[in-house]
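Inspection log for the structure reproduced underneath, given as structure tokens.
The values are calculated or read from the model by the stated rules, or taken from the named source; none is laboratory data. None of these values were measured; they are calculated from a predicted model. Positions of Cβ are backbone-derived with ideal geometry, glycine not excepted, and every protein chain shown enters the neighbour counts. Keep in mind that these areas ignore ligands, DNA and RNA; they rest on the heavy atoms of the full protein, side chains included. Shrake-Rupley method; radii C 1.70, N 1.55, O 1.52, S 1.80 Å.
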Amino acid sequence: MKNLIDIKDLSINEIEELIKVAKDIMQAPEKYYDKCKHKKLATLFFEPSTRTRLSFEAAMIELGGNVIGFSSADSSSTSKGESVADTIRVVGCYSDIIAMRHPKEGAPLVAAFKSTAPIINAGDGGHNHPTQTLTDLLTISCEKNRLDNLTIGLCGDLKFGRTVHSLITAMSRYKNIKFVLISPEELKIPEYIKQEILEKNNIEYVETEDIEEYMSELDILYMTRVQKERFFNEEDYIRLKDYYILNEAKLENAKKDLSIMHPLPRVNEIATEVDDDPRACYFRQALYGKYIRMALILKMLEID
Ligand code: NCD
């Protein structure tokens, strides 16, 4: 695999291998301290990020490598009018691997055609976010000890939430997965995900506006932020932003071993009182993100 643009670029076996390596790194990080000595990761973030960029950078540093890059389009030559294609051709001369986030859907794929270094899609518009999905899969594997036989509730902005699109794509390949898709009418899952992923693979799913309706059946509840930056008008965003606020009262009928996940950043969609609930695993999830990215960097650089 030269590039990681879509989660389907990885087979189920490759994902299993990445999870195995990530768990080994968690157990014995010292074995990995020098693995990427003299290697450079470039992080090109044309859109804001905290976890994704910093976890990539921390991952490379913990592997003994170095990091270069920028964290906003304004601080790169994009602001002078340079194309993504030209930026990538140049950055490929300075680095061994590139993680890139861009507001335009498909930009990392375009970059991959021009790049000499492998490209990792670190989020492209409202489309995909494969490394968040790897993070989510490692989280589910650690918290649940399985990736099959799960009822997964996805709640919030299912229309623009790229983490949701990639996670559904990934989980649809495992056995006996059911989805409960919880969103307001305006933020329902896009038709292409329904047709090309859910219906094509005969995956069971229901759509509801009510977060409590199926609560008692869920093994995982994946909350998401309403994606302000993808809205065309502020009025709609203001109307929808606080549509769901998960609190302890709403969890009353939930399973004792429910896992509450969130890719973060959180705005209002989970009340802070839930943070102390043992079922909340979103901060652990952020930590898992570093380990799976370490495993991914090793794989893409073909280091044992
Ligand atoms: C997500 C993203 O960028 O899509 N954040 C992340 O990478 N952890 C989710 C979000 O911004 O809401």
In region 127-158, residues that are in contact with a helix residue (DSSP H, G or I) (Cβ under 7 Å, 6 or more places away or on another chain), open to solvent by 10 Å² or more (accessible area, probe 1.4 Å) and touching a residue at least 40 places away in the same chain (Cβ under 8 Å) total 5
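Just to confirm my filter: which strands (runs of 3 or more DSSP E) fall fully inside region 191-304 and include at least 1 residues that are open to solvent by 10 Å² or more (accessible area, probe 1.4 Å) and modelled with pLDDT of 95 or more?
Details: elements: 204-208, 220-223, 259-261.
Where strands (runs of 3 or more DSSP E) fall fully within region 191-304 and carry at least 1 residues being open to solvent by 10 Å² or more (accessible area, probe 1.4 Å) and modelled with pLDDT of 95 or more, they are 204-208.
Within region 160-172, take every residue that is in a loop (DSSP other than H, G, I, E, B) and under 17 Å from H262 (Cβ atoms) and give me the one that is nearest to the ligand (Cβ to nearest atom). If you could, list the steps in order and put the result at the bottom.
Restricting attention to region 160-172, the residues satisfying the condition of being in a loop (DSSP other than H, G, I, E, B) are 160-161, 172.
Now narrow it down to the ones that are under 17 Å from H262 (Cβ atoms): 160-161.
Numbers: F160: 9, G161: 7 Å.
Here the residue is G161.
Condition check ((1) under 19 Å from I97 (Cβ atoms); (2) hydrophobic (A, V, I, L, M, F, W, C)) across all residues:
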residue: K8; (1), (2): no, no
residue: N13; (1), (2): no, no
residue: E17; (1), (2): yes, no
residue: D24; (1), (2): no, no
residue: K37; (1), (2): yes, no
residue: L41; (1), (2): yes, yes
residue: L44; (1), (2): yes, yes
residue: T50; (1), (2): no, no
Quick check: is even one residue across region 116-130 at pLDDT 95 or above, small (G, A, S), closer than 30 Å to I68 by Cα and over 13 Å from the mean Cα position of the chain (by Cα)?
-> yes
Looking only at region 108-148, which residues are within 16 Å of the ligand (Cβ to nearest atom) and within 21 Å of E82 (Cβ to Cβ)?
-> P108, I120, N121, A122, G123, D124, G125
Among (1) more than 16 Å from the ligand (Cβ to nearest atom); (2) under 19 Å from L138 (Cβ atoms) - the single one G65 does not satisfy | (2)
So which of I220, I182 ends up being under 16 Å from the mean Cα position of the chain (by Cα) and touching a residue at least 40 places away in the same chain (Cβ under 8 Å)?
-> I220
Cβ-Cβ under 6 Å pairs, at least 6 apart or on other chains, region 47-72 side closer than 15 Å to L301 by Cα, far side assigned to a loop (DSSP other than H, G, I, E, B) and open to solvent by less than 50 Å² (accessible area, probe 1.4 Å) | L63/C36; G64/C36; G65/C36
Considering each of N268, N253, N247, N202 in turn, give the residue that is closer than 29 Å to P103 by Cα, over 17 Å from the mean Cα position of the chain (by Cα) and not basic (K, R).
-> N268
